[in-house]
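Below is one structure, written out as structure tokens; comments come after it.
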Amino acid sequence: MDFIEGEVLYFNKPLTWTSFDLVNYVRRALCRHLKVKKLKVGHAGTLDPLATGVMILCTGKATKKIESLQDEVKEYVTTLKLGATTPSFDLEHPIDNYYPTEHITRELVEEKISTFVGEIWQTPPVYSAIKIEGERAFNYARKGKEVELKPKLLVIDKIEILKFDMPSLTIRVTCSKGTYIRALARDIGIALGSGAHLTALERTRIGNITIADCMDAATFVNELSKKQD
């Protein structure tokens, strides 16, 4: 592989790692392997720390491909807990509110999630990496400051129920770039007359690249070390 000329690498992002953790981990290993001080490495789409799954990294001159790769359709499998919310709409923060769930049936879930298929306007969660006046939104949220995030137009191609066992709901979502699955969970909870947050999230596909195509980061680095030795 010619990492300086440019390679496109597929990884399964580990749980609790930020997207930049993975980029930095791979960059450091490549710099040691190539015996260089600097190397361009970037990713084609952020994943939350509590999400796992497909992350595409580009090295060297291949970083020019990042924008086009970001435009690819994404697929996620996610599990929601109905009847409760957290400030971040995932497990990063503890539950802050509980809501009724007795009225929720599979038929109601099917009816409500169908309203999110197609073009929709979605307001990003306050705990997000979106920049507001040069600072990340999550920094304002962590300081207890209120911020106004503008809704964005995006496309959800398909939502499929994989498992429904109250209060747990597992769905597969196929969507455009810019979709926040945590925000979708929030909005599904509201549509159901309740609340919701994510308990698990995996990005299973970007374009034609699936989990089966992805490497384990530690294994990749170990293989580089062996070649160096």
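The values are calculated or read from the model by the stated rules, or taken from the named source; none is laboratory data. Here the structure is a predicted model, which is why all the values come from computation and not from measurement. Note: ideal-geometry Cβ built from the backbone for every residue, glycine included; neighbour counts use all protein chains shown.
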Next item on the list: Name every residue in the stretch 155-178 that is in a strand (DSSP E or B), among the polar types (S, T, N, Q) and within 13 Å of the chain's Cα centre (by Cα), in order of residue number.
Entry: THR174
Next item on the list: Identify all residues within the stretch 181-206 that are surrounded by fewer than 21 Cβ atoms within 10 Å (Cβ to Cβ), within 29 Å of LYS131 (Cα to Cα) and in contact with a Pro (Cβ under 8 Å, 6 or more places away or on another chain); write none if there are none.
Entry: ALA183
Notebook entry, point to check: Residue check: is GLY6 surrounded by 13 or more Cβ atoms within 10 Å (Cβ to Cβ), at positive phi and over 13 Å from the mean Cα position of the chain (by Cα)?
Noted result: yes
Note to self: One residue is enough: does the stretch 81-89 have a residue meeting the conditions at pLDDT below 95 and not hydrophobic (A, V, I, L, M, F, W, C)?
What the structure shows: yes
Notebook entry, point to check: If a residue has to be over 20 Å from ARG205 (Cβ atoms) and assigned to a helix (DSSP H, G or I) to count, how many in the stretch 12-22 make the cut?
Noted result: 2
Next item on the list: Give the residues of the stretch 92-133 that are at pLDDT 95 or above and aliphatic (A, V, I, L, M), sorted by residue number.
Entry: ILE95, ILE104, LEU108, VAL109, ILE113, VAL117, ILE120
Note to self: When you scan the stretch 150-161, do you find a residue that is among the hydrophobic types (A, V, I, L, M, F, W, C), closer than 30 Å to HIS103 by Cβ, touching a helix residue (DSSP H, G or I) at 6+ places or on another chain (Cβ under 9 Å) and loosely packed, with under 15 Cβ neighbours inside 10 Å, even just one?
What the structure shows: yes
Margin query: Just to be sure before I move on: is ASP90 assigned by TED's automatic domain parsing to the domain that holds LYS177, within 14 Å of the chain's Cα centre (by Cα) and not small (Gly, Ala, Ser) in the structure I sent?
Written below: yes
Next item on the list: Just name the residue that is surrounded by the most Cβ atoms within 10 Å (Cβ to Cβ) out of those in the stretch 207-219 that are in contact with a Phe, Trp or Tyr (Cβ under 7 Å, 6 or more places away or on another chain) and over 20 Å from SER68 (Cα atoms).
Entry: ALA217
Notebook entry, point to check: Pick from the stretch 204-226 the residues that are over 12 Å from ASN12 (Cβ atoms) and part of a loop (DSSP other than H, G, I, E, B): which of them is farthest from the chain's Cα centre (by Cα)?
Noted result: ASN208
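Quick check on the stretch 21-30. Is at least one of its residues charged (D, E, K, R) and touching a helix residue (DSSP H, G or I) at 6+ places or on another chain (Cβ under 6 Å)?
no
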